[in-house]
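Trainee: Okay, here's the structure, questions in a sec.
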Amino acid sequence: MPEIPEIRAHAERLETLAAGEVLKRVEPLSFTALKTASPSPDDAVGWPLRSVGQRAKFLLLRFAPPASDPAADGLTFVVHLMQGGRLRVLEPGAKRPRRPRDGLARFEFESGVGLMLTEPGTQKRGGVWVLAGDPTADGLVAGRAPESADTASIAAANPLAGLGPEATDIDAAAMAELMAAHPSRLHNFLRDQRAISGLGRRLANEICHRAKLSPFAPTGRMDSDGVEAVVAAIGAVVDESLAAERQLPQMSRSAERPSAVHSRTGEQCPVCGDVVRAVEYRDYSVNYCAGCQTSGRILADNTTSKFLR
Ligand SMILES: [Zn+2]
């Protein structure tokens, strides 16, 4: 799944290509693509795209009426790409896909340029939420779920609600408070979007390795050296991935993203030469280097191994 560096570089690319374009039409191509019932996406027709931003693992497309304050007025389309999803630029005259198989939603601009939300596979979990107001400010006016919605769907009407602070915006003092408030294994804490947001499995692996901390280190008992190592590792790993991502014409595929340990089970650690190991879960692996991170101790997950047998 794309994380902060991939989404941020993608937002920068899209803003360069499409900022100022005036919206002509929004077409959900799949009935699951649009996650909110109101405001209507059609309200933004005739408005220019003011900016494309990133919050956690979401793209934020801001539309506002001409000559208005784009920070206060207008609508924000919050786009989640899920695994492998993309928001692709369609050049003027490009074939217009109309079926869900070809894409989840399409933005068409007056100039003929378009943006197409695509997601491979059949699950189609990506989508678009339409929110009024500035979604990055506290005064957000959330989208409203359909009338029949239950509590869970109403909460789901604003995917930004309940997110922890952006991982790259957290200093050591704030990180210490967050870790104390969310006692967990470090790897789980880093991926918990309600604790800190924008990181996933790859960066969690890389940050633990860079910080020379076990992925199982308990955040509730992290000392100040550990907290500072995590903050520094987040900054370094995100900066490096962002620099690599900015070199590319479009979003990298998972296998192209830089890593020292992530998805490198059995390879040599580039820092100490020890073998990269994995703790296997049903859906994913936690990769680590025992030489760098656990004083040579081999990790086994006693909490889940009995269920795997
Ligand atoms: Zn190592």
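Trainee: Can you give me the number of residues within region 23-76 that are of a type in the set (A, V, I, L, M) and over 17 Å from V113 (Cα atoms)?
Mentor: Here the count works out to 12.
Trainee: For region 258-273, does any single residue satisfy the condition of being open to solvent by 40 Å² or more (accessible area, probe 1.4 Å), more than 16 Å from the ligand (Cβ to nearest atom) and acidic (D, E)?
Mentor: no
Trainee: Would you check if G85 is buried (at least 21 other Cβ atoms within 10 Å of the Cβ) and not hydrophobic (A, V, I, L, M, F, W, C)?
Mentor: Judged against the criteria, G85 is a match.
Trainee: Give me the residue from region 274-300 that is of a type in the set (S, T, N, Q) and touching a strand residue (DSSP E or B) at 6+ places or on another chain (Cβ under 8 Å) and, out of that set, most open to solvent (accessible area, probe 1.4 Å).
Mentor: Per the stated criteria, the residue is S285.
Trainee: If a residue must be within 17 Å of the chain's Cα centre (by Cα) and not acidic (D, E), how many such residues does region 1-34 contain?
Mentor: Adding up the residues that qualify gives 11.
Trainee: On to the next question. Check S241 against each of (1) under 30 Å from R13 (Cα atoms); (2) within 16 Å of the ligand (Cβ to nearest atom); (3) open to solvent by less than 70 Å² (accessible area, probe 1.4 Å) and name the one condition it does not meet.
Mentor: That leaves (2) as the condition not met.
Trainee: Suppose the filter is within 14 Å of the ligand (Cβ to nearest atom) and either touching a residue at least 60 places away in the same chain (Cβ under 8 Å) or open to solvent by 30 Å² or more (accessible area, probe 1.4 Å) (or both); does R221 pass it?
Mentor: no
Trainee: Take the residues in region 189-215 that are in contact (Cβ under 8 Å) with a residue 60 or more places away in the chain and within 16 Å of the ligand (Cβ to nearest atom), then tell me which one is most open to solvent (accessible area, probe 1.4 Å).
Mentor: Here the answer is K212.
Trainee: Condition first: basic (K, R) and open to solvent by 40 Å² or more (accessible area, probe 1.4 Å). Now tell me which residues in region 247-257 satisfy that.
Mentor: Result: R253, single match.
Trainee: Tell me which residues, restricted to region 274-309, are in a loop (DSSP other than H, G, I, E, B), more than 11 Å from the ligand (Cβ to nearest atom), at pLDDT 95 or above and of a type in the set (G, A, S).
Mentor: The one that is in a loop (DSSP other than H, G, I, E, B), more than 11 Å from the ligand (Cβ to nearest atom), at pLDDT 95 or above and of a type in the set (G, A, S): S295.
The values are calculated or read from the model by the stated rules, or taken from the named source; none is laboratory data. Please read all numbers here as calculations on a predicted model, not as lab measurements. Backbone-built Cβ (ideal geometry, glycine too); neighbour counts: all protein chains shown. Note: areas computed on protein heavy atoms with side chains; ligands, DNA, RNA excluded. Shrake-Rupley method; radii C 1.70, N 1.55, O 1.52, S 1.80 Å.
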